[in-house]
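Okay, so here's the structure we're looking at.
The values are calculated or read from the model by the stated rules, or taken from the named source; none is laboratory data. Fair warning: this is a prediction, and the values are worked out from it, not measured in the lab. A quick note on method: Cβ atoms are made from the backbone with ideal geometry, for glycine too, and the neighbour counts reach across all protein chains shown.
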Amino acid sequence: MTGGADRHWSLTSQAFEKLLATLDADRELAGAKYENIRHKLLKFFQWRGCQSAAEYADRTIDRVARRLEEGEQLRAHDPYRYFHGVALNVWREHAREPEAVPLVEQAIQPMVKAENEAERLENERRLECLEECLRRLPPESRQLLAGYHHGVRRAKIRARENLAAALQIPLNALRIRVHRLRASVAECVRSCIGRGIAE
């Protein structure tokens, strides 16, 4: 699967729920396993000098979630082996492209450089839908998204730790909450774009 194909698919809340259920039937254990896998993926990309290790780790997780949604199964005793194989593909793609945009933008199908009028109009519509969907969010949800993606590298990590502390929840619970929120925004954007096409 190529990076280009990923741009046409965004993580849905259903796909994320299926990913967690695949990791473990127990919700708490599934969250712990998810956090452990994500930590290993972060190390995988950091060791290879990827400046946006968190974004590429999330891209890997999203790609696995998509495959599970399409009917593929994790047959390995250790689920991380499967994630690691996907991460290798993501890493090879990374070596051929400039540093990726933050995943929150990728998840809502970000604007790309328009090569013709049709693409420019599509990009404008996508941006309008994004703005509309963000306006629909409760203020606390908008603040959560903004706080979670604030800063770079160490500053971003500290900001997320502080955010989790302020909410009095574990860091992995914060990540799961943001993942769900981002998925709902992606669904909203797709629905908005669909309405525009129908009109």
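For the stretch 155-189, filtering for residues that are touching a Cys at 6+ places or on another chain (Cβ under 9 Å) and either surrounded by 18 or more Cβ atoms within 10 Å (Cβ to Cβ) or at positive phi (or both) leaves 4. Screening the candidates L163, L121 for the property of being aliphatic (A, V, I, L, M) and modelled with pLDDT under 80 yields one hit, L121.
Specify the residue that is farthest from L11 (Cα to Cα); the eligible residues are those in the stretch 34-66 that are buried (at least 17 other Cβ atoms within 10 Å of the Cβ) and of a type in the set (K, R). The qualifying residue farthest from L11 (Cα to Cα) is R38.
Can you name every residue in the stretch 124-170 that is outside any helix (DSSP H, G or I) and either assigned by TED's automatic domain parsing to the domain that holds Q51 or closer than 15 Å to S184 by Cα (or both)? Scanning the stretch 124-170 gives L137, P138.
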